[in-house]
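Comments concern the structure below.
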Amino acid sequence: MSIFSKTTKLAARSVRSPIFWMINLGAIVVCVLSGPFGTLEALPTGFRLIYWGLIVLTTSVMALWLHSLLEVTKQTKIAILLVVSLLFGLLVAGLVSLLSLWLLQPINRHPGHFELLSYSFPTAAMIFLVSTLVTRSMSLDEDATPPQRPALLDRLEKFPHAQQVLSLSAQDHYVEVSTDIGTELCLIRLNDAISEVTPVEGFQIHRSHWVAKLAVKKLNSKGATSQVLLKDGRSLNVSQSRLPDFKAFLKGS
């Protein structure tokens, strides 16, 4: 998938969010009632609604698309963020000028070209830059937060420093816990062990086996026999009754 397609898909997901529409409708109502840039005197209510509705929604969609582009391309350099913010300011200023030429007559009085540019360009650029920096800061905070450790790992005695659970296999009253650094038997039921691997994403492929998605290399099916090959070289049987759901689970990655 191209960068353009990924960016558009990410932006479209945000546009479908109820929060997006709540914020934009609120902004439109405020602008229509307050009438910035002399639009309260220059435009009747209906035209004022069209004017601010077009400006708010169009600039919001442009901002979302540029934010998504920065996220997809993983741009974090201040210089690049500043350039994109200035570009956004120019786009907004151009949009405001075009709509004003269309709806505001005469443009020289309500308001003038210079007033439009002097307000819309720096305001839009600054808002975009600040929102980008805030989003970037929140993303860095999330990345800095260590992932939740599965409670099951705290039961291990031989490998207490393991970080990942790869698979679980029932053996009588014990469960064989395979981790990134070794395998150990724990006195626990399989169902209880599965509940303690949260937040690791995985699937119970057999009444005796559970595997983490990150550990799966490929699924091998031959006739009535199916096995999952793990990245550490082990193979585990997959029940035929669970095979369709397991395939769907893997496709969902």
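The values are calculated or read from the model by the stated rules, or taken from the named source; none is laboratory data. Keep in mind the model is a prediction, meaning the values are calculated, not measured. Neighbour counts run over all protein chains shown; Cβ positions are idealised from the backbone, glycine included.
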Enumeration of residues in the range 1-21 that are surrounded by 13 or more Cβ atoms within 10 Å (Cβ to Cβ) and not charged (D, E, K, R)
7, 8, 10, 11, 12, 14, 15, 20, 21
Residue ID - farthest from residue 200 (Cα to Cα), chosen from residues in the range 220-253 that are out of contact with any strand residue (DSSP E or B) (no Cβ under 8 Å at 6 or more places or on another chain) and among the hydrophobic types (A, V, I, L, M, F, W, C):
224
State whether one or more residues within the range 147-165 are modelled with pLDDT under 80 and assigned to a helix (DSSP H, G or I).
no
Report the residue count in the range 44-81 for those that are surrounded by fewer than 19 Cβ atoms within 10 Å (Cβ to Cβ) and among the hydroxyl-bearing types (Ser, Thr, Tyr).
5
Looking only at the range 87-102, which residues are within 13 Å of residue 118 (Cβ to Cβ) and of a type in the set (Gly, Ala, Ser)?
89, 93, 97
Condition (residue is acidic (Asp, Glu), part of a helix (DSSP H, G or I) and buried (at least 16 other Cβ atoms within 10 Å of the Cβ)) applied to the range 22-43: is it met by at least one residue?
no
Could you check, for the range 59-77, whether at least one of its residues is within 22 Å of the chain's Cα centre (by Cα), at positive phi and either free of Cβ contacts under 8 Å to residues at least 24 places away in the same chain or assigned by TED's automatic domain parsing to the domain that holds residue 15 (or both)?
yes
So residue 198 clears everything in (1) closer than 19 Å to residue 161 by Cα; (2) modelled with pLDDT of 95 or more; (3) of a type in the set (Val, Ile, Thr) except one condition, right? Which one?
(2)
Mind checking which strands (runs of 3 or more DSSP E) fall wholly inside the range 183-250 and carry at least 3 residues that are surrounded by fewer than 15 Cβ atoms within 10 Å (Cβ to Cβ)?
216-222
Condition first: without any contact (Cβ under 8 Å) to a residue 24 or more places away in the chain, surrounded by 15 or more Cβ atoms within 10 Å (Cβ to Cβ) and either part of a loop (DSSP other than H, G, I, E, B) or of a type in the set (D, E, K, R) (or both). Can you find one or more residues in the range 171-178 that meet it?
yes
